[in-house]
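Written below as structure tokens is the structure these notes are about.
The values are calculated or read from the model by the stated rules, or taken from the named source; none is laboratory data. Remember, it's a predicted structure, so these values are computed and weren't measured experimentally. Here the Cβ positions follow ideal geometry from the backbone for every residue, glycine too, while neighbour counts run over all protein chains shown. These area figures cover heavy atoms from the full protein model, side chains too; ligands, DNA and RNA do not enter into them. Shrake-Rupley method; radii C 1.70, N 1.55, O 1.52, S 1.80 Å.
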Amino acid sequence: MNKRVTVPEILSAKGKRKLTELTAYDYPTALLADKSGIDMLLVGDSLAMVVLGQEDTLSVGMAEMLHHTLAVSRGASRAMVIADMPFMSYQASVEQALINAGRFMSKARANAVKLEGGARIVPQIRAMVEAGIPVQGHLGLTPQSAAQFGGFKVQGKTAEAARVLIDDAQALADAGCFSIVLEAIPSSIAQMVTEAVSVPTIGIGAGAECDGQVLVVHDVLGLFDRFVPRFVKRYAKLDDLIVEALVKYKEEVEQGVFPGPEHSFTISEQEVQKLGKN
Ligand code: KIV
């Protein structure tokens, strides 16, 4: 049994080693990512877009997120499993946020939860941390607020917006977040945030100076090409390999090549004879 990555381990990595985080939405991906030694597996609400084919992340709810988080928890024995709290599962009240975060921990066996937003969700974060639930923050381009931003746009591009980002990051760290995701912000601002807070920053489109990086697994493996943000690096192109394998399967069935004798079952000739006599 592997030793699970813990909150103290993530906290003490700051300034010593780069942290790695990747999304996962199912059991087989969790098994593979765990084998690769990734520190944190995020069951992101990006599930809505890359797995469920939806346009944005807004319509995925607690039921789907619990279902997928439990599958990832079953596959990951070393990586810390972080459940992304879906839209409107934590915004309405501290009480509802706490109950839903608790469901991720007890029902889906998550090790932590992630919430989008700055100072305005500090009461929710404090309540969770007090209840013993580790929280990862998320600032910058927070997709659940894309309507407010006018789309999926780079954030923190004015001095005023950058100041708010730095203040928000400090508020999240003070509230007890054990790490903060910084999405789609200028690298120089991400560096300032990283220097301003005592907890690790995890960048996605936030440059190389963050304490760690996170990407969506479908982007890393080349399994999603509806749109590819500038910050994505594809480490494989599995979509071509998969289509190639499926075309071969189809052709072999059509040509009678598959299944062969090695994939089929037999019955003794004697039993077949008996069948004929009945
Ligand atoms: O849902 C998600 O995949 C995320 C990452 C992009 C950080 O929130």
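Couple of notes before you dig in:
- Between Phe265 and Phe231, the simple label model (points 7 Å from Cα in the Cβ direction) yields a spacing of 5.2 nm.
- For Val247, neighbours were defined as the other residues whose beta-carbon sits under 15 Å from its Cβ, and their charges (Lys and Arg +1, Asp and Glu -1) total -4.
- Rounded to the nearest 20 debye, dipole of the chain from Cβ charges on Lys, Arg, Asp, Glu: 580 debye
- Charges were assigned to the Cβ only: +1 to each Lys and Arg, -1 to each Asp and Glu. The resulting dipole of the stretch 1-81 about its Cα centre is roughly 680 debye.
- Subtracting the Cα-Cα distance of Met88 and Leu11 from 0.36 nm times their residue separation leaves 24.9 nm of extension gain.
- With the simple spin-label model, which puts each label point 7 Å out from Cα in the Cβ direction, the Ser188 to Asp239 separation comes to 3.5 nm.
- Peptide ranges 194-206, 243-255 listed from the most packed, as the mean C-beta count within 10 angstrom indicates: 194-206, 243-255
- Highest-first arrangement of 261-267, 138-144, where packing means the average Cβ count within 10 Å: 138-144, 261-267
- Placing R0 at 41 angstrom, the Cβ-Cβ distance between Lys35 and Glu252 gives a FRET efficiency of 0.85 after rounding to 0.05.
- FRET efficiency, 1/(1 + (r/R0)^6) with R0 41 Å, evaluated for Lys3 and Ala147 via beta carbons: 0.45
- Straight-distance crosslink candidates among aspartates and glutamates, where the alpha carbon sits under 19 Å from Lys248 and sequence neighbours closer than 8 are dropped: Asp239, Asp240, Glu262
- Selection from Val232, Ala147, Leu32, by position along the positive dipole direction of the chain (Cβ): Leu32
- Cα pair distances in the chain, grouped into 10 Å bins until the bin that holds the longest one, percent each: 7, 27, 32, 16, 6, 6, 3, 2, 0, 0
- Here the chain exposes an accessible surface that is 58 percent carbon and sulfur, computed with a 1.4 Å probe and the other protein chains kept in place.
- Neighbourhood charge, 15 Å Cβ-Cβ cut-off, centred on Val197 and excluding it, Lys, Arg +1 and Asp, Glu -1: -4
- Estimated FRET transfer efficiency (Arg74, Leu52; beta-carbon r; R0 25 Å; 0.05): 0.80
- Within the stretch 90-190, the percentage of alpha carbon pairs spaced more than 25 angstrom apart rounds to 20%.
- For the chain, with +1 on Lys and Arg beta carbons and -1 on Asp and Glu, the positive-most of Gly222, Ala97, Pro261 along the dipole: Ala97
- Accessible area per residue for the chain is 52 Å², calculated with a 1.4 Å probe on protein heavy atoms, without ligands, DNA or RNA.
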